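J.: Quick one: the structure is below, questions incoming.
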Amino acid sequence: MEPTDEGLVDLVDVLLRDGAVLRADVVVSVADVPLVGISLSAAIAGMETMNAYGMLEEWDGAKRANAVARRQYTDEGRPRHRTMPQRVPPANPSPDSPTGADETDGSN
């Protein structure tokens, strides 16, 4: 009998489809005196499930809008290749100037 990964596949499927929420409250105390309280929450689910429950809607909408705005197509429906702007190299410093700037002030 060979082992199968169906259990792991089913677990991932349920997590993405239905999601899971983990919550924990931790209180650190010394001599029955509470010093620090921590409340933690974590949610794992697919984006459709998160949006259905009202989580991350603003983030997801902004990311999708940015992706659509970056996408540019030609008239034939193919992606347009964007060109990077050319970098302008800095001017060569004057060999006589210790700072590399031109020392003339134009008042000659």
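J.: Keeping to the stretch 29-44, report how many residues are of a type in the set (A, V, I, L, M, F, W, C) and surrounded by 10 or more Cβ atoms within 10 Å (Cβ to Cβ). Can you show your working first?
T.: From the stretch 29-44, those of a type in the set (A, V, I, L, M, F, W, C) are 30-31, 33, 35-36, 38, 40, 42-44; that's our starting set.
Filter again for surrounded by 10 or more Cβ atoms within 10 Å (Cβ to Cβ), leaving 43-44.
Within the stretch 29-44, residues that are of a type in the set (A, V, I, L, M, F, W, C) and surrounded by 10 or more Cβ atoms within 10 Å (Cβ to Cβ) number 2.
J.: Can you tell which of 55, 50 is modelled with pLDDT of 80 or more, part of a loop (DSSP other than H, G, I, E, B) and under 23 Å from the mean Cα position of the chain (by Cα)? Please lay out each step first, then the result.
T.: On the way: 50 fails: part of a loop (DSSP other than H, G, I, E, B).
Of 55, 50, the one residue that is modelled with pLDDT of 80 or more, part of a loop (DSSP other than H, G, I, E, B) and under 23 Å from the mean Cα position of the chain (by Cα) is 55.
J.: Look at residue 37 and say whether it is assigned to a strand (DSSP E or B) and without any contact (Cβ under 8 Å) to a residue 40 or more places away in the chain.
T.: Values: assigned to a strand (DSSP E or B): yes; without any contact (Cβ under 8 Å) to a residue 40 or more places away in the chain: yes.
When the stated conditions are applied, residue 37 passes them.
J.: Could you figure out which of (1) part of a loop (DSSP other than H, G, I, E, B); (2) surrounded by 10 or more Cβ atoms within 10 Å (Cβ to Cβ); (3) not β-branched (Val, Ile, Thr) isn't true of residue 60?
T.: Just one mismatch for residue 60, condition (1).
J.: Also, quick follow-up: Six or more apart or on different chains, Cβ under 8 Å: which pairs go from a residue in the stretch 14-31 that's under 8 Å from residue 46 (Cα atoms) to one that's of a type in the set (S, T, N, Q) and at pLDDT 90 or above? Could you list them?
T.: Cβ pairs passing all conditions: none.
The values are calculated or read from the model by the stated rules, or taken from the named source; none is laboratory data. Since the structure is predicted, the reported quantities are computational estimates derived from the model, not experimental observations. Here the Cβ is made from the backbone with ideal geometry for all residues, glycine too, and neighbour counts use every protein chain on show.
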